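Trainee: Sharing a structure here in structure tokens format.
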Amino acid sequence: MRSYNRRAFLGNEKDVMGRRIQVGDIVEIPTNRGFAYAQFVLKKDRWGALIRILPGLFDERPDKLCDLAPKKETFVTFFPLQAAVNKNIFEVVDNCDIPQQSSQFPLFRAAGHVDRQGKVHNWFLWDGERSWPVDRLTPELTRLPMRSVWNDTLLIERIEQGWTPETDRRTLESMS
């Protein structure tokens, strides 16, 4: 297993642009615990690429990544995927069909008022076009993805920790 190490770009300017990511692309994410895989689902103006983190960590790349793609994702998040591919932080390793259950834009939750201690006092739901407040998070709503854009460091950290939306610290504090 390779350990996580951001590969420094040493290529020429032509290589910097790399190939354009396509919906369905599977990217390999090196972590300290093995390789993780994510699938590019769609691009949303202002938010960027929506990716679904596929389940599992692997010592080496599976032979058939398209067998992994239909599985329920661990979580989804917005991520600057094209930049990560251009900088050789992540590598596109396959392109697979997006499962029907993951092809629709998901409903997200977003923190409203956050106090100085970091506790969220109210939440909003967002369907990609509009948002509306909710009085409290129900157990069902804690499973919704968080509306945010992550960088590669946070994404890898969360994958290594086994993070899910319902285990997010802010979610747990707002329900107590």
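Every number in this text was worked out from the coordinates using simple rules, so none of it is lab data. These figures come from a predicted structure and were not determined experimentally. Cβ atoms come from the backbone with ideal geometry, glycine included; neighbour counts cover every protein chain shown.
Trainee: Name the residues whose placed amide hydrogens come within less than 5 Å of the amide hydrogen of Leu42, ignoring near sequence neighbours (fewer than 5 apart) on the same chain.
Mentor: Leu50
Trainee: Moving on. Rounded to the nearest 0.05, what FRET efficiency is calculated for Gln117 and Asp63 with R0 set to 41 Å and r the Cβ-Cβ distance?
Mentor: Working: r = 48 Å, r/R0 = 1.17.
The pair Gln117/Asp63 has a calculated efficiency of 0.30.
Trainee: Then there is this: Return the long-range amide H neighbours of Gly112 (sequence gap of 5 or more, or a different chain), with a cut-off of under 5 Å between placed amide H atoms.
Mentor: His121, Asn122, Trp123, Phe124
Trainee: Size of the dipole of the range 13-175 about the Cα centre, Lys and Arg at +1 and Asp and Glu at -1 on the beta carbon, nothing else charged, in debye to 20?
Mentor: Here the range 13-175 has a charge dipole of around 520 debye.
Trainee: With each pseudo-label sitting 7 Å past Cα toward Cβ, what's the Leu107-Leu42 distance in nm, one decimal?
Mentor: 1.5 nm
Trainee: Further, regarding this structure: By how many nm would the segment from Val134 to Gln22 grow when fully extended, if each residue of separation counts as 0.36 nm and the alpha-carbon distance is taken off? Walk me through the intermediate numbers first.
Mentor: On the way: separation 112, 0.36 × 112 = 40.32 nm, distance 3.48 nm.
So the extension gain works out to 36.8 nm.
Trainee: Let me ask you something else. Which order results if Ser102, Ser131 are arranged by neighbouring Cβ count within 10 Å, fewest first? Let's see the in-between values first.
Mentor: Values: Ser102 18, Ser131 14.
Ordered from fewest to most neighbouring Cβ atoms within 10 Å, Ser102, Ser131 come out as Ser131, Ser102.
Trainee: Restricting to DSSP H runs of at least four residues, report the calculated mean residue ellipticity at 222 nm for the chain, -39500 (n - 2.57) per run over all residues, nearest 500 deg cm²/dmol. Intermediate results must be reported in sequence, preceding the final value.
Mentor: Values: 5 runs with 32 residues, N = 176.
Mean residue ellipticity at 222 nm (helix-derived): -4500 deg cm²/dmol.
Trainee: Pairs of Cα atoms under 8 Å, at least six residues apart: use those to get the relative contact order of the chain, whole percent. Working shown, then result.
Mentor: Numbers: 323 pairs, mean separation 35.8, N = 176.
Dividing the mean separation by the residue count of the chain yields 20 percent.
Trainee: Collect residues whose amide H, placed 1.01 Å from N in the peptide plane, falls under 5 Å from the amide H of Asp94; neighbours closer than 5 in sequence don't count.
Mentor: Ile26
Trainee: So how tilted is helix 152-161 from the main axis of the chain? Cα-based, degrees 0 to 90, rounded to 10.
Mentor: It works out to around 70 degrees.
Trainee: For the chain, what are Rg and Dmax over the alpha carbons, in angstrom?
Mentor: Rg and Dmax of the chain, Cα atoms, are 16.9, 53 Å.
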